[in-house]
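I have placed the structure first, in the form of structure tokens, so that the comments after it can refer back to it.
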Amino acid sequence: MNNNTGLLTGKVVLITGASRGIGEAAARLFTREGAAVVLAARGTDALTRVVTEIRADGGTADAITMDLADRADIRSAVDQVEKLHGRLDGAFNNGAIVQQPGPLDTTSDDEIDEQFAVNFRGHWTAMTAEAALMRRNGGGAIVNTSSIGSRRANPVLPAYGAMKRALNSLTESAAVTWAKEGIRVNGITPGGTATAMIDQWEAATPGVIAHLNATSPVGRMAEPHEVAEVAAWLLSDRASMVNGAIVPVDGGAGA
Ligand SMILES: NC(=O)c1ccc[n+]([C@@H]2O[C@H](COP(=O)([O-])OP(=O)(O)OC[C@H]3O[C@@H](n4cnc5c(N)ncnc54)[C@H](OP(=O)(O)O)[C@@H]3O)[C@@H](O)[C@H]2O)c1
């Protein structure tokens with residue numbers, strides 16, 4: 001991976017869900033592209049491990065322990081970014097949890113509440129705090145991680161799919177609302193990606209990975225860094241006219 005071009009040189013980028021998977025890959029990629037990154041998630045040990053490795057490679061990275069279910073925690077995380085760097089140029093709102101697979105009749109009230117709090121409300125809170133800090137320095141860019149599961153009926157993960165579709169709507173609304181302030185907002189909809197989340201789904205539903213691979217035009221999962229590449233470009237000035245887009249990163253599985 002020596003083909004980096006300084007896509008994010010000089011930018012301060014906050015990444016949620018950065019302790020593993022797509023967020024961890026994004027932290028490593030964005031650093032190689034010249035950004036100073038701030039990694040947020042609940043898992044302090046995992047965050048510390050990633051930050052230590054990035055710093056050992058010469059990158060600028062810090063970790064903030066934060067729970068997306070807790071609005072005060074999220075606002076405090078953005079405040080800590082301001083204390084660390086005095087500005088925020090990019091935010092990759094990527095943290096999420098998958099629900100217990102099953103039809104909507106058996107999805108529990110607690111699960112619906114958790115999906116709402118972490119996968120939707122957390123991003124709303126994060127976006128408004130991020131935008132408030134970005135506009136103090138003339139703007140920025142936000143990318144929200146949605147899912148291929150937001151794009152059509154999702155009978156197996158109905159609460160997850162509903163919250164991700166709601167996130168698409170919020171992404172578009174924010175893009176239109178904040179455009180004149182120089183803040184671009186876009187979303188990505190990954191298809192199956194080789195992370196702990198898909199392993200968790202496989203454990204609950206053996207065979208789901210084979211099924212996703214068989215039904216994907218490219219015949220395989222994405223690697224986390226392949227998803228992070230799209231977020232990096234959307235966060236960069238090279239995507240200056242892209243706003244309110246929900247970009248598939250799924251090898252054609254949603255086509
Ligand atoms: N993998 C796929 O096939 C796939 C497909 C479509 C979309 N996505 C989306 O891609 C994004 C990244 O997922 P992934 O595949 O990389 O999954 P992952 O490996 O399970 O990573 C999820 C990340 O979110 C963090 N997180 C979970 N709950 C949190 C909370 N309450 N507060 C703060 N952070 C929290 C986790 O850290 P802690 O546990 O340390 O908090 C972790 O860093 C998610 O938005 C997911 O919905 C994934």
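In segment 171-255, the alpha-carbon atoms span a convex hull of 104 Å³ per residue. Each Cα pair under 8 Å and six or more residues apart adds its separation to the average, and for the chain the resulting relative contact order is 20 percent.
Shape descriptor for the chain: Rg over Rh equals 0.95 (Cα atoms; Rh from the Kirkwood inverse mean 1/r).
For segment 130-201, the normalised intensity computed at q = 0.11, 0.28 Å⁻¹ comes to -0.35, -1.19 (log10 of I(q)/I(0), Debye sum over alpha carbons, equal scatterers, no solvent). Based on C-alpha pairs under 8 angstrom that are at least 6 apart in sequence, segment 50-191 has a relative contact order of 26 percent. By the count of neighbouring beta-carbon atoms within 10 Å, fewest first, S146, S169 end up ordered S169, S146. Listed from fewest to most Cβ neighbours within 10 Å, the set D109, D57 follows the order D109, D57. Put +1 on the Cβ of every Lys and Arg and -1 on every Asp and Glu Cβ in the chain; which of F116, A40, G138 then has its Cα farthest towards the positive end of the dipole? With unit charges placed on the Cβ atoms, the residue in question is G138. For segment 14-132, the relative contact order is 26 percent, taking Cα pairs closer than 8 Å that sit 6 or more residues apart in sequence and dividing their mean separation by the residue count. Residue exposure proxy: K164, K11, K83, ordered by other Cβ atoms within 10 angstrom of their Cβ from fewest to most, comes out as K83, K11, K164.
Placing unit charges on C-beta atoms (Lys and Arg positive, Asp and Glu negative, everything else neutral), compute the dipole magnitude of the chain about its Cα centre in debye, rounded to 20.
Working: 22 positive and 28 negative charges, 159 e Å.
Roughly 760 debye for the chain.
Rule-based calculations on the coordinates, nothing more; no lab input. From a predicted model like this one, the values you see are computed outputs, not experimental measurements. We place every Cβ from the backbone using ideal geometry, glycine too, and count neighbours over all the protein chains shown.
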